[in-house]
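All remarks here apply to the structure that follows.
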Amino acid sequence: MDEITHKDAALAALAAHFDGMPPVRAMQPRILEQRHGLLRLHAPLAVNVNDKGCAFGGSLSSLMTIAAWGLVSVELEQAGLHADIFVADSRVRYLKPVFEDILVETVFDDAAEHAAFAQTLRHQGRAGIRLQARTLLTDGGVAATYVGRYVAIARS
């Protein structure tokens, strides 16, 4: 399988995985872009709105959490590794209300840690990694930030 086909298959599997979890499906996330070390998701405000007419904080937190989880998942799949991935801890800061569709972008927190992640999983059967995510506004602002640590455990 060539690299583009493998990437498409990994993204399709991620979208299907999101759709298979009822709470995630309800937020209607859509993968916009994935490239080495980055994943972007979109979700409509209409299904993630709170009583004030802006995005529900729980949706922002959840979307940033699944975006980071999704980036780890896709990159491991593309590396030919199969693992169960868990969020170990996270921190969210809400900076501005979101009155538009939600755009989340996630990246790995540390380039050296990212470079060693798959190799550590291969050799030790378990690896941890930190990611950052942001909820972006169309005016260029940042509405929320997220830092999370994820653990991958190789499947036997």
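The values are calculated or read from the model by the stated rules, or taken from the named source; none is laboratory data. Model, not experiment: these values are computed from the prediction. Positions of Cβ are backbone-derived with ideal geometry, glycine not excepted, and every protein chain shown enters the neighbour counts.
Which of the strands (runs of 3 or more DSSP E) found entirely inside the stretch 40-142 contain at least 2 residues meeting this: touching a helix residue (DSSP H, G or I) at 6+ places or on another chain (Cβ under 8 Å), surrounded by 13 or more Cβ atoms within 10 Å (Cβ to Cβ) and among the small types (Gly, Ala, Ser)?
Working: elements: 83-94, 102-108, 126-136.
Output list reads 83-94, 126-136.
Inside the stretch 54-71, can you point out the residues that are out of contact with any Ser or Thr (no Cβ under 7 Å at 6 or more places or on another chain) and not aromatic (Phe, Trp, Tyr)?
Matches in the stretch 54-71: CYS54, ALA55, GLY57, GLY58, SER59, SER61, SER62, LEU63, ILE66, GLY70.
From the list GLY53, GLY70, pick out the single residue that is over 13 Å from the mean Cα position of the chain (by Cα) and modelled with pLDDT of 95 or more.
After ruling out the rest, the residue left standing is GLY53.
If you check HIS42, HIS36, which single one turns out to be in contact (Cβ under 8 Å) with a residue 40 or more places away in the chain and not basic (Lys, Arg)?
HIS42
With the requirement that a residue be hydroxyl-bearing (Ser, Thr, Tyr), closer than 28 Å to ARG126 by Cα and in contact with a Leu (Cβ under 8 Å, 6 or more places away or on another chain), what does the stretch 51-110 give you?
Here is the first cut: in the stretch 51-110, the ones hydroxyl-bearing (Ser, Thr, Tyr) are 59, 61-62, 65, 73, 90, 94, 106.
Filter once more, keeping what is closer than 28 Å to ARG126 by Cα: 61-62, 65, 73, 90, 106.
Residues satisfying the conditions are SER73, THR106.
Residues being surrounded by 19 or more Cβ atoms within 10 Å (Cβ to Cβ) and either hydroxyl-bearing (Ser, Thr, Tyr) or in a strand (DSSP E or B) (or both): count how many of those fall in the stretch 8-39.
Count: 2.
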